[in-house]
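What follows is calculated from the coordinates using simple rules that are stated; it is not laboratory data. Given the structure is predicted, the values throughout are model-derived calculations rather than measurements. When we count neighbours, we look across all protein chains shown, and the Cβ atoms used for this are built from the backbone with ideal geometry, even at glycine.
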Amino acid sequence: MSGLRRCCYGFPSRHCFATVHQTLISYRCSDSRLLLPTTASPLNSRHPISVSAPLKKRSFSAPAVDYPLSGYRSRLTFWLGICRGRRRQLKWLICRVWRRVVQPGDTVVDATCGNGHDTLEMVKMVADESGRGRVYGLDIQKDALDTTSSLLNESLSPTERELVKLSGICHSRIEEIVPENSPVRLVAFNLGYLPGGNKNIITVPQTTRLALDAAKRILLAPRGLISLVVYVGHPGGREELEAVEGFASGLPADEWSCCKFQMLNRPSAPVLVFLFKR
Ligand SMILES: C[S@@+](CC[C@H](N)C(=O)[O-])C[C@H]1O[C@@H](n2cnc3c(N)ncnc32)[C@H](O)[C@@H]1O
């Protein structure tokens, strides 16, 4: 655990990095060396975080841990999965970060629905008795929207299903589907191609950049989050990561805290980017 504390030492915003920090330390790994191959670093700060920075005493208390994945016998195995970039564990980590930001009744956007797994997670986070929560989902592929729709129909009650609006348009046009008077708390991007689909239909830096500009404009709820999973293993993936990093590093540090979570010794593992609005 001390390894992570060192990683996060010096982050500029208590709220933003406490979110990632608490999510990460909640694994309560007993061996800090396991954390060293990964880094959580700010993208728009002039104070880089070093894993070898001196350890300062912090008063964080780790929240109670729930392990939703069955079959993982020990925390050690679970942490190794995170460090090896296994997708299920990474997804769980991302959802933990989302859950610290999103409240029932919020409006959120899934900018890349794909097979609908993220859309479904979002509905569970915003649904409550008030029925105010909304999830706007976008994908340019009809197949993706059909799969998402089927998953939602199977998994949700009719009332919950009504909270979701799916649109077959490019995510650079988010503002056309989210009503102006709906402050958005989370915009999530899972970039790349549709798993099991046509690998030639992928997100591209130009429209991703436009979509990030639009996401920034609609993210009006206090302490909102733009969350990205960037795949770098396919052609064009690294250029897309550069576009995301260029966008993030240009955000003013007094309004945004931007960090990425990247495997240092697995160069093709997906990179997580979190842009927290203060
Ligand atoms: C990695 S998948 C998303 C996976 C999804 N989040 C899930 O949970 O299954 C990326 C998706 O982005 C979609 N996509 C590509 N370009 C897009 C664009 N400009 N606007 C919206 N969606 C796009 C693809 O069709 C693909 O379904």
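Please indicate, with yes or no, whether at least one residue in region 137-153 is surrounded by fewer than 19 Cβ atoms within 10 Å (Cβ to Cβ), in contact (Cβ under 8 Å) with a residue 24 or more places away in the chain, out of contact with any His (no Cβ under 9 Å at 6 or more places or on another chain) and more than 23 Å from residue 168 (Cβ to Cβ).
No - not one qualifying residue is present in region 137-153.
Quick one: what pairs do we get from region 259-278, first residue over 18 Å from residue 93 (Cα atoms), second in a loop (DSSP other than H, G, I, E, B) and among the β-branched types (Val, Ile, Thr), C-beta under 8 Å, 6+ apart or different chains?
The qualifying pairs are 267/232; 268/232.
Conditions (1) away from the ligand (no atom under 12 Å from the Cβ); (2) polar (S, T, N, Q), marked per residue:
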site	(1), (2)
153	yes, yes
175	yes, no
180	yes, no
184	yes, no
193	no, no
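Name the residue that is farthest from residue 233 (Cα to Cα), counting only residues in region 155-173 that are touching a residue at least 40 places away in the same chain (Cβ under 8 Å) and near the ligand (Cβ under 9 Å from one of its atoms).
Applying the first criterion (touching a residue at least 40 places away in the same chain (Cβ under 8 Å)) to region 155-173 yields 163-164, 166, 170-173.
Keeping just the survivors that are near the ligand (Cβ under 9 Å from one of its atoms) gives 170-173.
Details: 170: 23, 171: 22, 172: 23, 173: 27 Å.
Step by step, filter region 155-173, then rank; the result is 173.
How many residues are part of a loop (DSSP other than H, G, I, E, B) and surrounded by 15 or more Cβ atoms within 10 Å (Cβ to Cβ) when one looks only at region 202-211? If you could, list the steps in order and put the result at the bottom.
Within region 202-211, the first condition is being part of a loop (DSSP other than H, G, I, E, B), and the residues that meet it are 203-204.
Applying the additional criterion that residues be surrounded by 15 or more Cβ atoms within 10 Å (Cβ to Cβ) yields 203.
Residues that pass the stated criteria total 1.
Here is a yes/no grid of residues against (1) in contact with a strand residue (DSSP E or B) (Cβ under 9 Å, 6 or more places away or on another chain); (2) outside any helix (DSSP H, G or I):
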{"position": "104", "(1), (2)": "no, yes"}
{"position": "140", "(1), (2)": "no, yes"}
{"position": "154", "(1), (2)": "no, no"}
{"position": "169", "(1), (2)": "yes, yes"}
{"position": "175", "(1), (2)": "no, no"}
{"position": "180", "(1), (2)": "no, yes"}
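Which of the following residues is more than 19 Å from the chain's Cα centre (by Cα) and more than 23 Å from residue 244 (Cβ to Cβ): 154, 176? Don't jump to the end; show me each part of the working.
On the way: 176 fails: more than 23 Å from residue 244 (Cβ to Cβ).
Unique residue meeting the criteria: 154.
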